[in-house]
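Before any comments, here is the structure.
The values are calculated or read from the model by the stated rules, or taken from the named source; none is laboratory data. None of these values were measured; they are calculated from a predicted model. Protein only, heavy atoms only, side chains kept; ligands, DNA and RNA dropped before computing areas. Shrake-Rupley method; radii C 1.70, N 1.55, O 1.52, S 1.80 Å.
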Amino acid sequence: MNFKHFKILFFIYLSLFVSLLVSAQNQNLLCHVKGKVFDKISNKNVEYATVSLENLFDKKSSSGALTDDLGQFNLLVIPGKYKLKATFISYSIYTSDTIKCINKPIDLGKIEIEPQTKSLKEVEV
């Protein structure tokens, strides 16, 4: 192997190393938000509810996920101010107070959503 090949391989390895280093640093710059979604009345976990973080700066959804079979969720977002929304079919929409993400994990704990009930009128046949 001559010197030219050595230089090319060296720059390839150096590039890979730098990209991995930058990627690892970017993970440290993210804010980790987690919690559990429960039914307010039955106190059972709500599986596959939609959970999203809305950025208060531009009012757009920044991150979203479905809860797992235990009602748990994990979201990663860049630091900032957010509101969390949790929704599921036949439940009222839950909206949190302002959440400040500042490069450290946030555990929102138990989030309770309430079943939405509607009475239907009587139908005569």
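Under a no-solvent Debye model with one identical scatterer per Cα of region 36-82, what's log10 I(q)/I(0) at q = 0.13, 0.18, 0.22 Å⁻¹?
-0.34, -0.58, -0.74
Distance between the C-alpha centers of region 61-125 and region 34-48? Whole Å please.
10
List, in order, the whole-Hz ³J(HN,Hα) value for each residue of region 36-46 obtained from phi through the Karplus relation with A = 6.51, B = -1.76, C = 1.60 and θ = phi - 60°; use x for Gly and Pro.
Karplus-based 3J(HN,Hα) across region 36-46 equals 9, 9, 10, 6, 5, 8, 7, 6, 8, 5, 9 Hz.
Step through the table entries 59/110; 36/100; 36/118; 59/81; 36/60; 85/121, compare each Cα-Cα distance with 20 Å, and write down the pairs that go over it.
Those over the limit are 59/110; 36/118; 36/60; 85/121.
Probe radius 1.4 Å, ligands and nucleic acids left out: which of 118, 59, 81 has the largest accessible area, and how do the rest follow?
In descending accessible area the options line up as 118, 59, 81.
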